[in-house]
Every structure is written in structure tokens, then in C-alpha cells.
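The values are calculated or read from the model by the stated rules, or taken from the named source; none is laboratory data. Nothing here was measured: the structure is a model prediction, and the numbers come from that model. For neighbour counting, all protein chains shown are included, and Cβ atoms are generated from backbone atoms with ideal geometry for every residue, glycine included.
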């Protein structure tokens, strides 16, 4: 007889192998669109690529500034992710790169400890780990599970992150960034306290410049949405600030960004020395997993949103795979994690992009822009206050009052998830806040899903099962048929066991037939609950029979060894059994055979056949 451990290992290996065999990931989905590519598609794609690149370059700077990284990191990530992703993605309109939510998550993590000074050294390893997590998730089809994460989580998280971003950018707008940064606050309370403490040292020059920048940006967004308003506003006020610094006193002290050179673009590899590798993996595991989760969730929501407009069928696991590979490339060339950008992807679609090559062309244009900015140090003329004002403008647009209102008014659970996630984002590091919201969302989902549906049945004059319309006492030794419908996973196991045990207490009851035709997803917890139930029933001189078991249920019972417990007392050589499988050709025949077996236990052919009724279940 094989050892139980070796049998468990074989079962696990079989499940993993089956999962991988079922996986439909295409290692290079760009091949088909490449064969069908033509000049007309190119004209539409290149026009969309220029529009997106004009947004991606300044937004890349902004998101690097949010993470408090050199702005080259954000621009390079916008370029590299846009080039790599279309080779592996399932969607034809998605644009990958840095985003608000992931950028502030990075800032929040490194601001929380004493490792902030080593942030740049850790970036390649962080990107690598994010990429590995996403690729493993795609291989294991984890993206399919993201549909169980409530949209209320994402809306609450993004709204909270937007408030944090606005609060954190005020230090640049007020000209007190060095003083506030020295305080090290990374939560909303800490940031606000730092701002309040150093508010007397604020400067009016960056505040005036930022206010004008934000005002012009909002005006252009409302009146000329088809224009690259972000880039236009940034260029306009960078030029204005350059003139003001030359002619008016006080403006020369406004902070600007440090320029970068060609040498700053050299590839950077993670440190693979044994000690450094495991130290970094241990340190970054939590935030890397959180960034990978958020990036995949953002990308999935974005892909489904675009698919609702285009009629395409989203392949969320393929898109998750593209996010993973893009982050592997970012680990070498960009140094900042990539995610799916809703604003750039929507602009790509609105600009008339036909294929995934629009993303590729956008990335190539961004590469050209990087080299131009490296040769001509224009970034040294960009005031941090102006870019901070534009970041505030983007952050405000992330807070959708309409979606917040829907979540608050739909159900109590949605409202609780939204508020909890929002508050968690303000008072805890963001890589913790996202999982607080997810944990609450899943808990509320499991609370609903973990209630198996138990219906009372009887046998009518024609011999068919029908729902019992009236609850009656059992005057004779009774057979109770318990029709179980729904998920019997770990969350439902205890409720299932408690309800059946309550039935066993009936002194007139002698046999329980568990009809499991529509029971699904048995796991170790539910199987152990069933074993406890069998032993409990026998200790009270009751018998348990299973009818209508599917092949999946039978396999789980046999593999776990509980089938042997169930079959105790049945003479298999004489054809006796305590389990009867479902037959599609005659759905009720298994219950008929179970009734015959029950009558063998009773030693009679007369029995009052009833069905368990759960009085707590509203009919």
C-alpha cells in the first residue's frame, strides 16, 4: 500500500500538471497581428502612438516624482513597458507603464523605514520580483480569481491613494519639501502633521506658479480634450518659470529636477550575490506581491473596460503574463514597476489605434524622447511645483464621485468595503491597505457563499422527488433525504455539519441520505466534516448514505480515505454499498438505490420518507 505522503505528492503533482496543461497562454501572441498588418493599420497606429507618447513622457516624470525616484525611471518605464507588453498581451489597446497607485505604494513602503536611502539600489530587484509574481500568477490562472475582488476595493484604494498623493504633493507646491520629507511621514496623518508643522516656512512663488499651472490645465482639459493638455501645460509653465527665474527675485529658488545623461540609461541588474539576493527578497516580498497584485488588478479592470467598448474578448491571464514580462524588462532597463495605465490606454483607443503595434510605436517614440532629453537637459527647467500641480490634477480625476456613490448606496457590504479600504489607505502603508480591503471583501463574499442550500423533499406517488410543502413529524422509523446544493468548501463545512447533526438528534431518525448531486468544491475541511458526521451518526446508531455523488465528489472521497469510512459495514462482495453515483440518464435512480439500502438498515420495506428542512432558511 503506498505511503499517504507519497500519494499526496502524486495528487498534488497531478493537479499542477492538469492546471498547466489547461493553461492557454500564448508565448508570443503578436505573431497573428504581424501577419495581418498593413499600411492602413499603420497610419492609425502611428497617429495614436504620437498622441499617447505626448502623454506618457510627462506622466512618466510625474509618477517617478510621486515615488520620489529620478524622473528618468518613470520615462524609461513608460518606454520599455510600452515596447515589451504588446509582444505578450491579449488586449490590443492596453498601454503599460508607471501608474499613480503603484508609484505611491512604492513611496509609502520606502518612506516607512530606514531603507529609503537605498531605494534606487532596490528597484531592479523589486521589478524582478513583481515580474516573477505576475508570470507565476498567469501560469496558474490567478487572474481569473481577480473577479472575486470587489470593485469597491479598487475604488476605495484608488480614492485613498489619490488623497495621499494630493497631500504629499502639497510640500512641493508650498515650497517646503525638504522640511516635510525630513519628517518621514508616509500616512495621511503623518503627512498632514508635517505640512502643518512647517506651514509658516511656505513660499508664495511656487504656490502661485502651481496654482496657475493647475488652473490652465483644468481649463485646457475641459475645452480642448483632444489636445495633449498635460504636455502643453508642463512645457508652457516650464518656459514661464525659466523666464521668471531670470527676471524676478525669489523665483530663482524654486526647485527643479536634476537632468540626466546617456550614462544614466545603462542597464542595471539586480544584485544576485547570495547574501544580498536573499536579504532583498525577504525585505521586498510583501511590497512586491502587493504591487504585482495591484498591477494585475488594474490591468484586468482596464482590459475589461476597453473590451466593453471594442467587443473584444479579454484574456486576463494573457494580460497578466504581459505585465510580468514587462516588469522583467523594467528590472534591467527601467528600474520602476509597470502596470496597466487606464488613462493612456483609453487615449490610445480614443485616438483610433487599430492594433497592439500602437503601443510598440509609442514606446519607440518615448525612447527617442529620452535620448533627446538626455542630450538637451530640458528637465532642469521643469519646476517641481508645476509638475506637482499637474499630479494633483490627475489625482483629483481619479476620485470618481459617481462610482463612490454607487458603492455606498448599492449594499451594506459594498459600503463597508469601500470605507474600510479608503480609511486603511490613509492610516496604513498602501501595500498593507490593499490587502485589508481584499481580506474584508473576500470575507463578506465567503459569508454569503458558505451557506449550503438544504431543501426538504419527499417521494410523491409517482416515485419522483419533490419539495415538501408542509413539515410533519416522523411517526415511523424515518429516512431523511437531505438534498445539498451549493459549495461545500472550507467556509461551508462547519455550517453543513451543524445542520446535519441537528437532524441526527431526532430520536425517530435512523438513516440519512445525503443527496450530493449539486454539491460542489469539496475540500479537505468539508471532507473531514463529513467523516466526523459519519462517526457522530454511528455513535447515535444512525446510518449515513450518499446518493447522486458526481465523479468529482467520488474522487475526493476516495483520495482522502473517507470513502473507506463511509463504506464500513457494507459487504462489498455481496454488492452492498453506502454510496451511489449520479447517472445523467436517470438522475433519481441513485436515490432509489439509496432508499433500498436504507431499508436494509431498517429491516423493513415501510418507512416514512422525509427530507430535512432548515427552518432558518427563508423560503
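At a glance:
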| item | result |
| --- | --- |
| Top-ranked residue in region 209-226 [being without any contact (Cβ under 8 Å) to a residue 60 or more places away in the chain and surrounded by 14 or more Cβ atoms within 10 Å (Cβ to Cβ); ranked as farthest from residue 172 (Cα to Cα)] | 220 |
| Residue pairs meeting the criteria (Cβ under 9 Å; at least 6 apart or on separate chains; first under 18 Å from residue 435 (Cα atoms), in region 133-150; second not in a helix (DSSP H, G or I)) | 143/315 |
| Condition met for residue 103 (at pLDDT 90 or above and assigned to a helix (DSSP H, G or I)) | yes |
| From the options 206, 200, 178, residue that is modelled with pLDDT under 90, farther than 30 Å from residue 442 by Cα and in a helix (DSSP H, G or I) | 178 |
| Any chance residue 382 is over 25 Å from residue 225 (Cβ atoms), in contact (Cβ under 8 Å) with a residue 40 or more places away in the chain and surrounded by 19 or more Cβ atoms within 10 Å (Cβ to Cβ) | no |
| Members of region 314-357 found to be in a loop (DSSP other than H, G, I, E, B) and in contact with a helix residue (DSSP H, G or I) (Cβ under 7 Å, 6 or more places away or on another chain), listed by number | 314, 334, 335, 336, 337, 338, 351, 352, 353, 354, 355, 356 |
| Out of 136, 154, sole residue that is more than 19 Å from residue 62 (Cα to Cα) and either outside any helix (DSSP H, G or I) or modelled with pLDDT under 90 (or both) | 154 |
| Answer from 577, 573, 590 - the residue that is in a helix (DSSP H, G or I) and buried (at least 16 other Cβ atoms within 10 Å of the Cβ) | 590 |
| Top-ranked residue of region 235-254 - restricted to ones that are out of contact with any strand residue (DSSP E or B) (no Cβ under 7 Å at 6 or more places or on another chain) and part of a loop (DSSP other than H, G, I, E, B), ranked as surrounded by the most Cβ atoms within 10 Å (Cβ to Cβ) | 250 |
| Enumeration of residues in region 299-315 that are buried (at least 21 other Cβ atoms within 10 Å of the Cβ) and either free of Cβ contacts under 8 Å to residues at least 24 places away in the same chain or not assigned by TED's automatic domain parsing to the domain that holds residue 91 (or both) | none |
| Sole residue being in the same structural domain as residue 251 (by TED's automatic domain parsing), more than 28 Å from residue 323 (Cα to Cα) and part of a helix (DSSP H, G or I), chosen from 408, 360, 387 | 408 |
| Residue among 581, 566 that alone is modelled with pLDDT of 85 or more, under 18 Å from residue 479 (Cα atoms) and in contact with a strand residue (DSSP E or B) (Cβ under 7 Å, 6 or more places away or on another chain) | 566 |
| Qualifying residue in region 520-530 (condition: modelled with pLDDT under 75, within 36 Å of the chain's Cα centre (by Cα), surrounded by fewer than 18 Cβ atoms within 10 Å (Cβ to Cβ) and within 20 Å of residue 553 (Cα to Cα)) | yes |
| Unmet requirement for residue 350, which otherwise passes all of (1) closer than 30 Å to residue 160 by Cβ; (2) touching a strand residue (DSSP E or B) at 6+ places or on another chain (Cβ under 8 Å) | (2) |
| Test: residue 194 is in the same structural domain as residue 250 (by TED's automatic domain parsing) and out of contact with any helix residue (DSSP H, G or I) (no Cβ under 6 Å at 6 or more places or on another chain) | no |
| Residue among 265, 284, 294 that is in the same structural domain as residue 99 (by TED's automatic domain parsing), closer than 30 Å to residue 378 by Cα and surrounded by 14 or more Cβ atoms within 10 Å (Cβ to Cβ) | 265 |
